[in-house]
Every structure is written in structure tokens, then in C-alpha cells.
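Here the structure is laid out as C-alpha cells; the discussion comes afterwards.
The values are calculated or read from the model by the stated rules, or taken from the named source; none is laboratory data. All figures in this text were calculated on a predicted structure; none of them were measured in a lab. Cβ placement follows ideal geometry from the backbone for every residue including glycine, while neighbour counts extend to all protein chains displayed.
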Ligand code: PMP
Ligand code: GLU
């Protein structure tokens, strides 16, 4: 019954494990969920109020597919405020989540067998999305400190290479690209005139060490070959509102809009109003979240590193601990399965991100969940 395309798609490990853990919780099991990356904070009051007002004002009809003008203007102002980049409203658009921006971009950029270079460990959906666009993911292993391997990038470029995909701060490693690396990437793009860069910046505001670097701001001449993807999902604890956005060349944005016309139409009108407030209102809530994540990161990393069989480096950004489990002798799927069924802690196996000797824990979970989680992991490791 299924098409060849459908046969090739695998479910998202990040979403699947999380929903399995949530189901166990509903059944009365005391599961600690450190799986999918979603802040445990409520969406800030100011944003909820804007959305409630939108409903009361009957702002509940279709909108232009690429977003209402107020939102597109707010997105342009955000890029100028945070990244020093000037975009017109024709160069930005809104989607149903950052995930959808990426999906549309691959569909509009790739011909069959076009290659997309990306680093292991990668966020799991990239691979499936590239394949759905009939492209070929070319996976490069990061260096041991999770930095980008520039020599490998250079030697992997062929006449089929269409896109270089970067994600800083990275999910799952937390690696934050340094200015020196950004400069080399810019040079690679200048040298390879057909290469296009997709820069996934959804964790932009969650940086503990280093600074967010935007390649488009370092190389204005490359702006026509860079698509920046972002979302309100993580930044403002709005994962369920499904509102992402991007900025790039007008020609690409126009194609992505036509495709979105036939896929979802506009993202939710109410979420768009909420996003205007999120992006352009007082940014205090982001700072509060960052402060809290900074504390949780120290707690989690320090505690995990006290356990003999596992180790993890402090992530420079995002909100994940990427933990090496090699010494346990288990692969990541067995480790995560056993940890969930025997000790009731849900984590994501590194296999989903291309590294089977790692597991990923989210510290966007409450402090209480983290304390309980590490206690259980310590006990679990004693049984290994
Ligand atoms: N990029 C990365 C690296 C992610 O981790 C995620 C997961 N949320 C997304 C994009 C997509 O985010 P959204 O929830 O806005 O679709
Ligand atoms: N991006 C988050 C994660 O990696 C949310 C789940 C998903 O969309 O994959 O956990």
C-alpha cells in the first residue's frame, strides 16, 4: 500500500521516546522525562495575553501564507537587533515551526541526488528531511571536542554538493561555532559559488560559553546564499504553538511560500500574534530562562561526571547534555531502553543523532526532575 517514499521514512526518535514516556506517565508510572528538548517554563504571560486578545478580537481567519505583515516586520527587526542583518519583508517568512522551514528549504533547494553536508552528531530530522527531498546527506564526523572539521568539509565538496548545513548552538552536542570557524565557512562559500548555506539558529539565545556568530553578518556578500532558520519554540517556551521563521534570498522565500501555500497555508493566526509579542516585546523572560538553564547545566554536568562509567563535556549552548556511555559496554538504544523500562528515566539514544556511544539528556526539564533523574541514573549504572 505504501509508496517507496513512505517506506523510507522512520519516525522521529526524539518525539517517539517522549510520547512513549508521557504515555507511561499517564498510566501512573513515575517517569522522569529528560527526552525531547522543550523548556518546562510556561509561555510568558505577555505572550499568552496577546494570543487571548487575538482570539477575543476574532483574529481567527486565514492570513497571508508567509505571515501577517506585523510578524514579518517584527522578524526583520529581530534580525537587525540581534544579528545586525537587514532583511526586507519579502526576504522573511513564518512557518508551522522551525522544522517546517527546514523541510520547505530542502524541498525548494535540492534536486534528486544533490548532496547536503552536515556534521555528526546532527539533529535527527535533518537526515529524514534531506531524504524526503531526494537529496543525499553527506555526514562528516565532528572533531573530538565536537567542533567542525573544516578539512573534511572542504574535501567532501563535489559537483553534486548543494547545501552546507550548520547548527549552532548544536542539538545535541551544544557546540557553539567560533568566529574563526565562521570565517573559514565564509571562505569556503566564497570559493564554492554554487554552495548554499542553511544555518539553523533555533538555540541562539541559549549560550553559556562563547557568543552567537552569524555568518551572514560577517559576509554580507553571501547573504543571497544563506538561509537562517529560527523559531519562537525554544526561545520563548512556545514549542506547542508551532511558529518558526526564516530569512534568506527573496527567490527562495517566494518558492517556499508557494510550497507552503499547498501544504499548510499560513501558520496559526493566533500563534502569529503571539510571536509578534514574543519577538518584539520585553525580552526579560529569555534572560530568566537562560539564568535557570545555566544553573541546571552546571548541576547536571557536574553530577553526571561524578559517575564512573559515563562522561560529558559542558555544552557551550542549547540545553542538552550529550553523554558518552562507551564504558558501560551498551549501545545507546539498549542503554536508553533499559534506563526507561528499569529505572523510569527517558533519554534519547545517541544513535538518533549518528553517535551510538552517546545518550542525550535535556536539562530544559525542571530542577526536581533533573535531581530525580540523576539519582536514578546513578543507581542504574551500579547494576551495569
Ligand atoms: N532545529 C533544531 C536543531 C531543533 O532541535 C529543533 C527542535 N525543536 C528544530 C529545529 C525545530 O523546532 P520547532 O519546534 O520550531 O519545529
Ligand atoms: N527538537 C527537539 C528535540 O530534539 C524537539 C523534538 C523534535 O522536534 O525533534 O528534542
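A few points about this structure:
- Some residue of the range 161-179 being over 24 Å from residue 136 (Cβ atoms), crowded, with 20+ Cβ neighbours inside 10 Å and more than 16 Å from ligand 2 (Cβ to nearest atom): yes
- Residue that is touching a helix residue (DSSP H, G or I) at 6+ places or on another chain (Cβ under 6 Å) and surrounded by fewer than 19 Cβ atoms within 10 Å (Cβ to Cβ), where the choices are 305, 331, 357: 357
- For the residues 254, 258, 233, the requirement of being within 12 Å of ligand 1 (Cβ to nearest atom) and part of a helix (DSSP H, G or I) singles out 233.
- Residues that are more than 23 Å from residue 169 (Cβ to Cβ), crowded, with 19+ Cβ neighbours inside 10 Å and in contact (Cβ under 8 Å) with a residue 40 or more places away in the chain, drawn from the range 109-148: 109, 110, 115
- Put simply, of 283, 272 the only residue that is out of contact with any helix residue (DSSP H, G or I) (no Cβ under 8 Å at 6 or more places or on another chain) and either free of Cβ contacts under 8 Å to residues at least 24 places away in the same chain or within 28 Å of residue 128 (Cα to Cα) (or both) is 283.
- Residue in the range 59-74 that is touching a residue at least 24 places away in the same chain (Cβ under 8 Å), assigned to a strand (DSSP E or B) and away from ligand 2 (no atom under 16 Å from the Cβ) present: no
- Contact map, the range 171-187: first residue within 16 Å of residue 118 (Cα to Cα) and in a helix (DSSP H, G or I), second residue within 15 Å of ligand 2 (Cβ to nearest atom) and modelled with pLDDT of 95 or more, Cβ cut-off under 7 Å, separation 6 or more or different chains; the map is empty.
- Residue count for the range 1-21, restricted to those that are without any contact (Cβ under 8 Å) to a residue 24 or more places away in the chain, surrounded by 13 or more Cβ atoms within 10 Å (Cβ to Cβ) and part of a loop (DSSP other than H, G, I, E, B): 0
- Residue within the range 91-104 that is within 21 Å of residue 194 (Cβ to Cβ) and within 15 Å of ligand 1 (Cβ to nearest atom) present: yes
Results for (1) buried (at least 22 other Cβ atoms within 10 Å of the Cβ); (2) over 18 Å from the mean Cα position of the chain (by Cα); (3) touching a residue at least 40 places away in the same chain (Cβ under 8 Å); (4) part of a strand (DSSP E or B), shown as yes or no for each residue.
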residue: 287; (1), (2), (3), (4): no, yes, no, no
residue: 299; (1), (2), (3), (4): no, yes, yes, no
residue: 315; (1), (2), (3), (4): yes, no, yes, no
residue: 361; (1), (2), (3), (4): yes, no, yes, yes
residue: 373; (1), (2), (3), (4): yes, yes, yes, no
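Listed here are the residues, each with its yes/no results for (1) touching a helix residue (DSSP H, G or I) at 6+ places or on another chain (Cβ under 6 Å); (2) at pLDDT below 95; (3) on the phi < 0 side of the Ramachandran plot.
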residue	(1), (2), (3)
182	yes, no, yes
196	yes, no, yes
218	yes, no, yes
237	no, no, no
243	yes, no, yes
256	yes, no, yes
268	no, no, yes
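- In the set (1) away from ligand 1 (no atom under 11 Å from the Cβ); (2) within 22 Å of residue 73 (Cα to Cα); (3) surrounded by fewer than 24 Cβ atoms within 10 Å (Cβ to Cβ); (4) at pLDDT 95 or above, the condition left unmet by residue 186 is number (2).
- Looking only at residues in the range 188-209 that are in contact (Cβ under 8 Å) with a residue 60 or more places away in the chain and not in a loop (DSSP other than H, G, I, E, B), the one that is farthest from ligand 2 (Cβ to nearest atom) is 196.
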